1. Would you mind estimating how fast the stretch A:3-111 diffuses translationally, via Stokes-Einstein at 10 °C and 1.306 mPa s with the Kirkwood radius over Cα pairs, in µm²/s?
2. Compute the long axis of helix B:22-33 from its Cα atoms, compare it with the longest principal axis of the Cα atoms of chain B, and write down the angle in degrees, 0 to 90, nearest 10.
3. How big is D for the stretch B:94-146, in µm² s⁻¹ as a whole number, if Stokes-Einstein is applied with the Kirkwood radius of its Cα pairs at 25 °C and 0.890 mPa s?
4. Per-residue Cβ counts within 10 Å, from other chains only, averaged over A:34-46: what number is that?
5. Using Cα-Cα distances under 8 Å and only pairs 6 or more residues apart, what relative contact order does the stretch B:6-139 have, in percent?
6. Taking every eigenvalue of the Cα gyration tensor of the protein assembly as shown, multiplying by 5 and rooting it, what semi-axes result, largest first, whole Å?
7. Heads up, I need the accessible area for B:Ile87: 1.4 angstrom probe, whole protein in place, Å², nearest 10.
8. Taking each residue of B:16-25 in turn, how many C-beta atoms of other protein chains fall within 10 Å of its C-beta, and what is the average?
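The values are calculated or read from the model by the stated rules, or taken from the named source; none is laboratory data. This one's a predicted model, so the numbers in the text were calculated from it and none came from an experiment. Positions of Cβ are generated from backbone atoms using ideal geometry, with glycine treated the same way; all protein chains shown enter the neighbour counts. Only protein heavy atoms, including side chains, enter the accessible area calculation; ligands, DNA and RNA are left aside. Shrake-Rupley method; radii C 1.70, N 1.55, O 1.52, S 1.80 Å.
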Amino acid sequence: MQFWEVKGILEAEVLWEPVDLQLEIEIAQAADLMSDVLSQSMGGELLLTGLVNSQVIRTAEMVDIKAIAFVHGKRPDEKTIELARIKGIPLLTTRLFLFEACARLAMRGLTGSSGTIW
Amino acid sequence: MQGKALEWAYEIEGKDFRNAGKVSSKVKEILKELGFDPAFVRGVAIASYEAEMNVVCHAEKGTLHFAILPEALKIVVEDQGPGIPDIALAMQEGYSTAPAEIREMGFGAGMGLPNMKKNTDELNIASTVGKGTVVEMVIRPPLPRE
């Protein structure tokens, strides 16, 4: 699905929009532990997380995360958003909790890094 | 990559969480610009970042040496810090000595060293308690397609 569909499903606010307005999101990962993202990510995911520090952007940069959605209505500070701009990683923030955000995306067909859910 | 070695060295500050990752970002940019395979670049970046975060989280300061050799890429990270008393224990998944402030940042799950091993062809660690640690990683790029 496209980045803009993700935005709609999560009723999210865009903090930094993608350079590629047709950006496709095919898989997702949810984690608050960046150690898990570094060891489990396949690359190319939408990352859903409740962490908002600059290490989320750095971790995303290293593993080639396509976009990040912050949950629980959390917002990173301006310096962290600026880092995402520099690295070209689009950002969303949604008021939904992590489970609900994941469930909505899964019901609309997004899968996890392993490619299967059901 | 015909016999010519390219080398870089970058300083890493302990506890400087705002800038943590900058060095590995540079390593990644260099490899991307040189046209290395994206999956290879990603693995190197992950290993480099794990090593850099270990310095930021545990040491006073350190240096990351990065060299592109004719047949492999070598990263050596040396730090001045507490050292690792039991390297075999530190290599076990889930073992961590990271304090709460580091866990709150999403690190310290005890996956750093195992993840470095997973993303490298060779991983050597030498450490002296009370002085510091040297981590050497060798990563061989995939053979170029003819």
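1. Values: Rh = 13.4 Å.
The calculation lands on 119 µm²/s.
2. Approximately 10 degrees, to the nearest 10.
3. On the way: Rh = 13.4 Å.
Result for D is 184 µm²/s.
4. On the way: counts 8, 14, 4, 2, 15, 10, 2, 2, 1, 4, 0, 0, 0.
That average works out to 5.
5. Values: 253 pairs, mean separation 35.5, N = 134.
Relative contact order of the stretch B:6-139: 26 percent.
6. On the way: eigenvalues 201, 93, 54 Å².
Calculated on Cα positions only, the semi-axes equal 32, 22, 16 Å.
7. Number for this one is 50 Å².
8. 4
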